[in-house]
Structure formats: structure tokens, C-alpha cells
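Worksheet: one structure, shown below.
The values are calculated or read from the model by the stated rules, or taken from the named source; none is laboratory data. The structure displayed is predicted, hence computed values, not measured ones. FYI the Cβ positions are ideal-geometry reconstructions off the backbone, even for glycines, and counts take in every protein chain you see. To get the accessible areas, we keep the full protein, side chains included, count just its heavy atoms, and leave off ligands, DNA and RNA. Shrake-Rupley method; radii C 1.70, N 1.55, O 1.52, S 1.80 Å.
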Amino acid sequence: MAGDQGAAGGPLIGVLALQGDVREHLAALTAAGAVPRAVRRPDELAAVDGLVIPGGESTTMSKLAVLFGMLEPLRARVRAGMPVYGTCAGMILLAEKILDPRSGQETVGGIDMIVRRNAFGRQNESFEAAVDVTGVGPVDGVFIRAPWVESVGAEVEVLAEHGGHVVAVRQGNALATAFHPELTGDHRLHGFFTEMVRSAR
Amino acid sequence: MSTTLPTTGQTPETGTARVKRGMAEQLKGGVIMDVVTPDQAKIAEDAGAVAVMALERVPADIRKDGGVARMSDPDMIEGIIAAVSIPVMAKSRIGHFVEAQVLQSLGVDYIDESEVLTPADEVNHSDKWAFTTPFVCGATNLGEALRRIAEGAAMIRSKGEAGTGNVVEAVRHLRQIRHEIARLRGYDNNELYAAAKELRAPYEIVKEVAELGKLPVVLFSAGGVATPADAALMRQLGAEGVFVGSGIFKSGDPAKRAAAIVKATTFYDDPKIVADASRNLGEAMVGINIDTLPASEHYANRGW
């Protein structure tokens, strides 16, 4: 299942490109030493060593994933241990459960947590704040109509909180943040994930 | 946000350029649909829209009815906000900063300072830096786009010619913006000062565009998209997403057409998927040929 190594020798990491801020993740992964590739189809998914699920609209992404036969292949690869990193909407897609799903809103799962969508509010409440992430250090957190993690299972490691709410988690090879490091120009979280992908290969 | 951060004690900051522009980045690859009722908003959300534009009449009806077109009734906007979980945008008149203040107080996620409504000020657009809510504005060329960005717009769309179901003007505007960016790329530093003068835009933004090879904010297409192929065309021409106004709810089968336009927008470079999305959609909106439209009814000429 492992993909071709890129010219630079970095792992091949896909960015789910159904909708959202795909370009920013592709750029951040390149800066972090990975070889990025946009992924929209099952055969493209099969070729990558790891996958980023970007920010965007979680309801839209979930619908498009079902529509284009990506949901089951995503579930299968995440279950099989492919490293995966979700930001914002991506975090929602990695949750086993959504507190307030739209009817028929499916998730990929992979992290034993319950998330609350738009938990920090609407766009007027979107904000930037420093967040201390275990294993990475303080980062500039950009929260846009962001979710938070309502509760986690025993296997889940909480990596960061903001205002008393969990905003970054890891379970095995699955990583998720409620905020958007891809919008900051600070590529340490993408570097952290690239290392996860390297050690999983 | 009034909560303080336990780790650093730093106060979170709302309304920054990064959260305003970043919000538009999250909409990329998506379709934003005009809706006039909560039921339409739900149809749009179910079809996979990334956001809805709440308004009282779609542009095709504004054209038909004539008169002054204004901001929508707050009750109607709140009804739509309550009906869906995707972002809700709403339109203010150009230069009508009080309508914008009202929209911000209602909690809309984006304000469209729109030429589709009747302009309230023939000289000035609203100062968009003064708001926490981000703004999207229309443009027909690069200079216009950069002037809006200088005023604080966090997202740009082509103006096209709304309510016509005719994509020709949106194509013209997107090609124009793209062409002018490509030209800037070829300029050396000496030439950028004259270019800024010619574009009637601040030098700093002109220089940024020359370096990036793109606008510093997200660029969508709007005005005249009526079919899945129209949406895919705009994306292939460089639009990062698509607004669809009258094209959906003025057609025969809105739910089906909405879902089809979403599909074609995602897989804009795959003609087989665009073909499948184009099948059996029922009647498209009738459409208006731009050359039969009197100059006074060209919305794209509003704003400067």
C-alpha cells in the first residue's frame, strides 16, 4: 500500500481535495519535507502513505465523500492504521460521533471522541489565540467557526486545550486539531504529522 | 471572545485579517447558493452547498420587479440562519455601512457588499476594516478587486451579470483579472509603481499580487452561472469556487440542479462527471442575452 517515495525522499501524503483549504495544506506539507498530493478518488487514496483532511464545510465534505464512493475506502484505510490528520472540518470527520449531526452526516471515524460543531460560535466569534500543543509547543491557533472536543475515550491523548475545551487530540496514527495551522506559515504541526507518517511506514 | 488562555494568559483576538480571509479559504472548491426562504436554504445545504446567500429576491426577480433593491428583512435572515448549519451570507447595498452593521449584529458569517442591490453611495464603498464580519465584494477587473481589498474585503468574486443566466460576463471578468495578474508577474520593481497608478490601487497590494501570482484573498466566480458546465468552466478559468444566484431556484428541479452544480464544481476537470451531472436536470432558467440588456440595467457597472 505504501506509495512511491518522492524525489526529495519524503513520504507521500495526500490531502483530501473534495472541498476546503487544500492548497494551504499542500504547501505546508511541502515545507515540512513531505511529498503532497491532492486526493479525490479511491485509486489516489490507495497510493498515499498518509492523509490530511483539510478545513472546509464538514457537511459538504461528508456528502461529497459518500457521493463519490470515498467514505468506505477512507474508513478502511484509517482502520488499517494509515496516519491521518484532520483540521477543523477534518477533525469532525475523524470523530466517532458528532454531538449535533445534520441528518445523514457521516464521519470517517478513527478517534474515539464526540465533537461539537461550530462550538466556539459563528464567524463573528472566530479568533486567533496561542495554543500549547504537547510535543510541538506553543502555536498560533486560528479558530474559524471551530469545533471542540466534547469528550474523549480512554485511548485518546489530549494534546491541547483552549478555554477549558479540548482542541487537539491524538489516538494512535490519527491526529486532529480544531484550529488551522495551515493558515499560519508555521509548519511544525505538519512536520509532526510527517514524522508520524515516516515512522508508520 | 472574553475567555483568557490558561497557558499564556493572552486574550484571543476576533475579526483579524487571518480569520476573515481564512474563513473564505474554507469555502474553496464549493458552491454558494442564493436562497430566499429557510426551505430553500435546507435544499441548498442538502445538495452540498458550502454556504447560502440569504436574500429577499433572487437577482432575476430584482431585474423583473425593478425599483430599489435593499438589504433583506432581518426576520428572513434569522430564519435562514436558524434553518441551516452551514455559513450564511447576506447582501448590503454598496456604501450602505448601516445595513452592514445590521447584518453584523444579526450574526451573518459574511457580508456581500453587492452591486445586485441598488447602490447607496455613488462615491464610497463601506470601510470594511471597521467590521468583525468579513466582506466579499464583486470586481470586473484587477484594479477594482485590489481597491476592494484595500477597503478590507476578505474575498473577491467576479461580478458577472447577475440574474441573466448568461455566463459571458463572469468569463470576461475572470479572464480580465487573470490576464492582469499574469501581466503584473512580468513587471520588474520599477514598473510596479506605474502599474499601481494605472490600476488605481495601493502599491503594496499590487506588489503582493505580483509576487504571489494571485490575489491575496480567495477569488470566486459569480453572476450568470446556470448549469454544471458553467460552474466547471469558471473553475477551469481559475475561480476557486462558485456563487450561483438565480440559476438554481429559477430552474425546473432546484434540488437536482443544485446537487449537479456541486458535483461539477468539485470534479471540474473531469468531463465524464460533468456530463453525468448535466443529465436530465429539467428546464434551466431562461436567461437573457447581455446585448439586449440596456446599459442602465447592467449591474456590473455599479461600484468603481
Peptide-level mean, for B:25-38, of C-beta atoms on other protein chains within 10 Å: 5
Relative contact order (%) - criterion: Cα under 8 Å, at least six apart; region: segment B:1-156: 19
Whole-percent carbon and sulfur share, accessible surface of the protein assembly as shown, 1.4 Å: 50
Heavy atoms of A:Trp148 accessible to a 1.4 Å probe, total area in Å² rounded to 10: 40
Solvent-accessible area per residue for chain B (1.4 angstrom probe, square angstrom): 38
Under the Karplus curve 6.51 cos²θ - 1.76 cosθ + 1.60, θ = phi - 60°, whole-Hz ³J(HN,Hα) for segment B:65-70, x wherever Gly or Pro sits: 6, x, x, 7, 9, 10
Accessible-area value, B:Val274, 1.4 Å probe, nucleic acids and ligands omitted, Å²: 20
Estimated distance in nm for a label pair at A:Ala47 and B:Tyr193, the labels positioned 7 Å out from Cα along Cα-to-Cβ: 4.9
Residue-count net charge about B:Ile273 - beta-carbon cut-off 12 Å; Lys, Arg +1, Asp, Glu -1: +2
Chain A, accessible area per residue, ligands and nucleic acids excluded (1.4 Å, Å²): 34
Chain B: relative contact order in percent, alpha carbon pairs under 8 Å with at least 6 residues between: 18
Interchain or long-range residues, amide H under 5 Å from A:Val52's placed H: A:Gly14, A:Val15, A:Leu16, A:Tyr85
Built amide H within the under 5 Å cut-off of B:Val244, gap 5+: B:Ile32, B:Met33, B:Asp34
About the Cα centre, charge dipole magnitude for the protein assembly as shown (Lys/Arg +1, Asp/Glu -1 at Cβ), debye: 840
Pairs from A:Lys63/B:Lys263; B:Lys42/B:Lys256; B:Lys42/B:Lys159; A:Lys63/B:Lys250 whose Cα-Cα separation, in the structure shown, is over 19 Å: B:Lys42/B:Lys159; A:Lys63/B:Lys250
Relative contact order (%) - criterion: Cα under 8 Å, at least six apart; region: segment A:63-201: 24
Solvent-accessible surface (1.4 angstrom probe) belonging to B:Lys28, in square angstrom, nearest 10: 10
Alpha-carbon centroid distance for the pair segment B:107-153 / segment A:147-194, whole angstrom: 35
Value of [θ]222 nm, deg cm²/dmol, for chain B, DSSP H segments ≥ 4, -39500 (n - 2.57) each, nearest 500: -12500 deg cm²/dmol
Solvent-accessible ranking of A:Val131, B:Val168, largest area first, probe 1.4 Å: B:Val168, A:Val131
Helical contribution to [θ] at 222 nm, DSSP H n ≥ 4, -39,500 (n - 2.57), averaged over chain A, rounded to 500: -7500 deg cm²/dmol
Packing-based order for B:223-234, B:120-131, using average beta carbon neighbours within 10 Å, highest first: B:223-234, B:120-131
Shielding by partners, peptide A:50-60 (average Cβ within 10 angstrom, other chains): 5
